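The values are calculated or read from the model by the stated rules, or taken from the named source; none is laboratory data. Keep in mind that what you see is a predicted model, and the values were worked out from it rather than measured. Positions of Cβ are generated from backbone atoms using ideal geometry, with glycine treated the same way; all protein chains shown enter the neighbour counts. Heavy atoms of the whole protein, side chains included, go into the accessibility calculation; ligands, DNA and RNA do not. Shrake-Rupley method; radii C 1.70, N 1.55, O 1.52, S 1.80 Å.
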Amino acid sequence: MTLLKLDNVFIEKTIVSLGELLLDHYTFPETAEIINSSLLERVSAGDYYKNETGFSLAEKITKELQKISSDKHLAVFYSESIVPLQQYDPINDENALARLKLNNYGFERVERLPGNIGYLIINEFAYPEHAGKTAAHALSFIAETDGLIIDLRKNYGGSSLMSAFIASYLLNGSPPVLLNDIYWRQYNMIQSIWSLPFVPGERFGANKPVYILTSQNTGSCAEEFSYSLQAIQRVKIVGEKTAGKANAGSVHRINDHFQAFIPNAYPINPVTKVSWNETGVLPDIECNSSESFEKAYHLLLKQLLEQFSESMEPGRDHLMTEIKNIIDI
């Protein structure tokens, strides 16, 4: 494949168009002004004309954007083929829907582990319009387990509405819980994300222990899910500090070969009054992500052993024996 050569005029027009998009859409207008001034200064100095390919130019611009903004979602992308004029629709795009179906809408695994522990791997928070039925089946399956592990180590994010949908299964229906607030620059308003008073299927409920597994790749909406439930002390997080990508946004076409993901909203957690942007979600129990499953599983088993040893329920004898054999007591 022959890479497209970029001339100086095209590069300058790309930078100018990007700056205009940032001024119009970026969620922090003052930061957009600073970024735009920096980009124009670097164009005048000839810094961007040294790049031979669109890929290296996009990488260089992205580093500058993220250095100034501390926003890991703010990025520029290059395409050898012509970028479509119509903006990408994440809800109704046929290719995206086909990919979601083939990936079971992000739900890689749901199972009951020995000791009556639920285990759920979610690699994406797809829109509930498409993934709601799959989510309801998965969460109903583990509703009667005594503890739950939700594995988000490979989850890069998705829809806040799906985050709230899944979180609702881990809470009681009444009263609803305020999980997150999102400020949208476009509308100059705050959108409040609440848990749902009704969910299809069975809830896991608000009282049984839940552990979330994270890695440094856990990003965006997966971080929102973890952060909001950690803030209300509903879950314990085991693993690594997450990616630190908090601000929501969309893709904007710059020209035929460049586009940018520009955040136009930022979360405000109702408990902490801040977000996980740049800092990431900090685990309650920090360890290498490759070790987090075993650690969370054994912590849950020990917790359940202690809990049910104090008040043995009818029919639980065999489970207690099973747990003791697993943790070698």
Spacing of the two label points (7 Å from each Cα toward its C-beta) at ASP89 and SER290, in nm: 4.4 nm
Per-pair calculated FRET efficiency, R0 = 22 Å: THR272 and ASN188 via Cβ, rounded to 0.05: 0.45
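Quick check of the Kirkwood formula: for the stretch 155-239, what is the inverse mean of 1/r over all pairs of different Cα atoms, in Å? Write out the running numbers ahead of the final one.
Working: mean 1/r = 0.0741 Å⁻¹.
Result for the stretch 155-239 stands at 13.5 Å.
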Ratio for the stretch 171-292, C-alpha Rg to 2.2 N^0.38 Å, reads 1.19
Rounded to the nearest whole Å³, what is the per residue volume of the convex hull around the Cα atoms of the stretch 100-231? 113 Å³
Ratio Rg/Rh, restricted to the stretch 1-100 and using Cα atoms, in which Rh is the Kirkwood radius: 1.00
For GLN66 paired with GLN307, estimate the spin-label separation in nm (one decimal), with each label point 7 Å from Cα along the Cα-to-Cβ line. 3.9 nm
Among ASN92, ASN36, ASN247, which one shows the biggest mean-square fluctuation in a GNM of the chain, springs joining Cα atoms closer than 10 Å? ASN92
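Leaving ligands, DNA and RNA out of it, rank LEU85, LEU23, LEU229 by accessible area with a 1.4 Å probe, largest first. Intermediate values should be presented prior to the final figure.
Numbers: LEU85 150, LEU23 55, LEU229 0 Å².
Sorted descending by solvent-accessible area, the residues read LEU85, LEU23, LEU229.
Given the pairs LYS72/LYS273; LYS72/LYS154; LYS236/LYS273; LYS5/LYS72; LYS72/LYS241; LYS208/LYS324, which are separated by over 23 angstrom at their Cα positions? Don't jump to the answer; show the numbers that get you there.
Values: LYS72/LYS273 20 Å; LYS72/LYS154 17 Å; LYS236/LYS273 20 Å; LYS5/LYS72 28 Å; LYS72/LYS241 15 Å; LYS208/LYS324 20 Å.
As for pairs spanning more than 23 Å Cα to Cα, those are LYS5/LYS72.
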With Cα atoms, 0 to 90° folded angle of helix 289-310 axis to the chain main axis: 30 degrees
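On average, how much area does the Cα convex hull of the stretch 172-218 cover when viewed from any direction, in nm²?
5.6 nm²
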Projected area averaged over all directions for the convex hull of the alpha carbon atoms of the stretch 70-166, nm², comes out at 8.4 nm²
I want to check the label-to-label distance for GLN216 and MET320. Put each point 7 Å from Cα in the C-beta direction and report it in nm to one decimal. 4.4 nm
To the nearest 10 square angstrom, what accessible area does TRP184 show with a 1.4 Å probe? 60 Å²
With equal scatterers on the alpha carbons only and no solvent term, can you work out the Debye log10 of I(q)/I(0) for the stretch 194-239 at 0.21 1/Å? -0.82
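Using a 1.4 Å probe and counting only protein heavy atoms, arrange GLU278, GLU64, GLU111 so the residue with the most accessible area comes first.
Values: GLU278 100, GLU64 25, GLU111 55 Å².
Reading off the accessible areas and sorting them downward yields GLU278, GLU111, GLU64.
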By a straight-distance test (C-alpha under 14 Å), which aspartates and glutamates pair with LYS133 as possible cross-link partners, with residues fewer than eight away in the same chain excluded? GLU202
What value does the chain have for Rg/Rh, both radii from Cα atoms and Rh as Kirkwood defines it? 1.05
Over all alpha-carbon pairs of the stretch 74-121, lay out the pair-distance distribution in 5 Å bins, whole %, shortest bin first. 5, 14, 13, 15, 14, 13, 8, 7, 5, 4, 2
